[in-house]
């Protein structure tokens, strides 16, 4: 775990999880927080360089690559880990904490991996540990969603695996670094597909809004942070400047808000917004200029915190009311005012209001798109910003926290409120003092978010779209329905396959059973009888005949030995005489 | 906290009026600000206000329209799948 000045924070979580079941009460809670705080301290003091070179299976693995890009993600991952652990402190199941630690630890391991083999190992570990954060909700829907999540991620993992093996054949090593778009071959696009699936790039995105809303209250907070952003990191590391990512990223940004506007489940709205916000990051990586890659990284940083905060708010509502359906909620400002305040801070951050974190990160990518001469991409990103404010900012706030209906509940527990307060503070701090974030970015780029024209542009864009919301508010009232997305394909495929199995394959199986009963079983009986007869008459006949022969000879020989010496002499003499006579006659 | 919210909810008409006046203020302020930008629309007065109105309207109508057309299904649509 220790190598010179480098201590791997991922292994601190992985090995630290082993003690969790042995501790109880406040000691356990203090221990969970201490491990998370230690990981932040390790990142704060982590020197750049490569550490932990391990030779395994004849391959040189690098488990600790620390540079500006990985440090940016390590910072936000460890901060979010601390907030997530604090938020889930009340959870009594050790298994949930252990799964969370393994998920966080493997995400940190993936960010620090300097080669494909170690990256793949941590990648798979992430999928296998995170699924428990869904299963621990223990609802039949969650169990099924967890299995779908796992199957999709196994498919993505296989894309990555075959990509890296083919690449090894071609280039002879597993080094994980930038791949220029002009030189990319089939193996590189397989790796890209594996990364894109984890980043929920449309059309490989449907697993995310399917699975995250089914996770536990505390698990969803962590899920919202790590899987997709690890994928953004890997895309930024290897595939910057790929046009396909610029186009699909922008499509994601609009696609996510489109669904968020019509979803009824609060956490599904937020899940679609992960797709949308990660779209900005993927597009930033795809455009590939220093400003847009910085934009992608800064947006990943800001997004992890405010999205975690929004999931915390929605989770607190679910925890207290037992539902996240907007059609069943309303008037929560009376009972959960602090939760509402923190949720709104997250909502204005994601919407990109000045003085909040989303403003200083999102606009870096959008400005980068315009500066790179990609006005259409920039315009669609602005359209997505409108949809974000309409759905997360206004729709959820209006129908869950304001409005009528709903039930009287208690405010969220202290640890949830404290985690939300800290996350809100970070959103404000980044928004007010953006250079604290910009200092962590991989490229040295001059960017000033608070130019008066930019501030005005954003305020007008959001203000006037808000006006439309209040005009169309009743039309946007959430309905207790679900919306079809591309998970329809594999869910219905499974459904139809099972129906086909029940009707056609089961019928064929029945018919075959009947045929077998008539032809097969009878044939088998006939064969068995013939075999029995052959055994008794032929095999037994030969064996028995030999036995009888031996017995008869033995019996005869026995009779020759009657025990009288005179008799033996007389018999011998008679035989000798007979022999002499025969000899004489000849 | 709760009391402050009660005041806001009771005075929601005033809140609405303040918001509308702020929007008007933004349009007036734009007259005083020099526009920067590489593309014509970035330098056009009121472009982002209009884009906000049209964009929001199109997004709301398109998403709700497609939802009612074929995307929305009953909550038990997938059954056990």
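Please treat every number below as a calculation from the coordinates, not as lab data. Owing to the predicted nature of the structure, the values given are computational and were not obtained by experimental measurement. Neighbour counts run over all protein chains shown; Cβ positions are idealised from the backbone, glycine included.
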With Cα atoms, 0 to 90° folded angle of helix B:47-66 axis to chain B main axis: 10 degrees
Using per-residue counts of other Cβ atoms within 10 Å, averaged over each peptide, order A:346-356, A:237-247, A:426-436 from highest down. A:346-356, A:237-247, A:426-436
Could you compute the FRET efficiency for residue A:60 and residue A:147, with r as their C-beta to C-beta distance and R0 at 35 Å, rounded to 0.05? 0.45
Where a ≥ b ≥ c are root eigenvalues of the Cα gyration tensor, a/c under 1.5 meaning rounded, otherwise prolate if a/b exceeds b/c and oblate otherwise, the range A:248-362 counts as prolate
Kirkwood Rh for the range A:97-206 from C-alpha pairs, in Å, is 14.7 Å
Just the Cα atoms of the range A:246-485: what Rg and Dmax do they give in Å? 17.2, 53
Taking other Cβ within 10 Å of each residue's Cβ, how do A:452, A:104 sort, fewest first? A:452, A:104
Can you pull the one-decimal nm distance between simple spin-label points at residue B:62 and residue A:530, each 7 Å off the Cα toward Cβ? 7.4 nm
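Would you mind giving the mean number of other chain beta-carbons within 10 Å of the Cβ of each residue in B:67-80, as a whole number?
Partner Cβ neighbours, averaged per residue: 5.
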When you count, for each residue, the other Cβ atoms within 10 Å and take the mean per peptide, how do A:227-234, A:152-159, A:570-577, A:85-92 rank with the highest first? A:227-234, A:85-92, A:152-159, A:570-577
Once fully extended, how much extra length lies between residue A:479 and residue A:5, figured as 0.36 nm per residue of separation less the alpha-carbon to alpha-carbon distance? 165.1 nm
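Work out the FRET efficiency for residue A:564 and residue A:540 from their Cβ-Cβ distance, taking R0 = 45 Å, and round it to the nearest 0.05.
After rounding, the FRET efficiency stands at 0.70.
Residue A:162 to residue A:472: extension gain in nm, 0.36 nm per residue of separation minus the Cα-Cα distance?
Details: separation 310, 0.36 × 310 = 111.60 nm, distance 4.94 nm.
Using 0.36 nm per residue and subtracting the Cα-Cα distance, I get 106.7 nm.
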Output the direction-averaged projected area (hull surface divided by four) of the convex hull of the alpha-carbon atoms of the range A:172-216, in nm². 4.6 nm²
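Calculate the tail of P(r) for the range A:26-83: the fraction of all Cα-Cα distances greater than 19 Å, expressed in %. Spell out each step's value before the answer.
On the way: 728 of 1653 pairs.
Of all Cα-Cα distances in the range A:26-83, 44 percent exceed 19 Å.
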Exercise: per-residue mean of other protein chain Cβ atoms within 10 Å, B:29-40: 4
Over all Cα pairs of chain B, how is the pair count split among 5 Å bins, expressed in % and running from 0 up to the last occupied bin? 3, 11, 11, 12, 11, 12, 13, 12, 8, 5, 2, 1, 0
So how do A:72-83, A:39-50 stack up, highest first, on mean other-Cβ count within 10 Å? A:72-83, A:39-50
For the range A:456-532, what does the alpha-carbon gyration tensor say about shape, rounded, prolate or oblate, given a ≥ b ≥ c as the root eigenvalues, a/c under 1.5 as rounded, and a/b over b/c as prolate? prolate
In Å, descending, principal axis extents of the Cα set of the range A:491-577: 103, 25, 17
If you average 1/r over every pair of different alpha-carbon atoms in the range A:430-586 and take one over that average, what Kirkwood value in Å do you get? 29.7 Å
Hey, got the average number of other protein chain Cβ atoms within 10 angstrom for residues in A:258-269? 3
Cα-based helix-to-principal-axis angle, A:116-135 vs chain A, degrees rounded to 10: 80 degrees
Kirkwood estimate for the range A:156-266, i.e. one over the average of 1/r between Cα atoms, Å: 15.2 Å
Computed over chain A: longest principal axis from alpha-carbon atoms vs helix A:375-388 long axis, angle to nearest 10 degrees, is 90 degrees
When the Cα atoms of the range A:333-387 are enclosed in a convex hull and the volume is divided per residue, what value in Å³ results? 64 Å³
Calculated FRET efficiency, residue A:435 and residue B:36, Cβ-Cβ r, R0 22 Å, to nearest 0.05? 0.60
Checked the range A:1-239 with the C-alpha gyration tensor, a ≥ b ≥ c its square-rooted eigenvalues, rounded below a/c of 1.5, otherwise prolate if a/b is larger than b/c and oblate if not; verdict oblate
Using alpha carbons only: equivalent-ellipsoid semi-axes of the protein assembly as shown, gyration tensor based, whole Å: 72, 30, 26
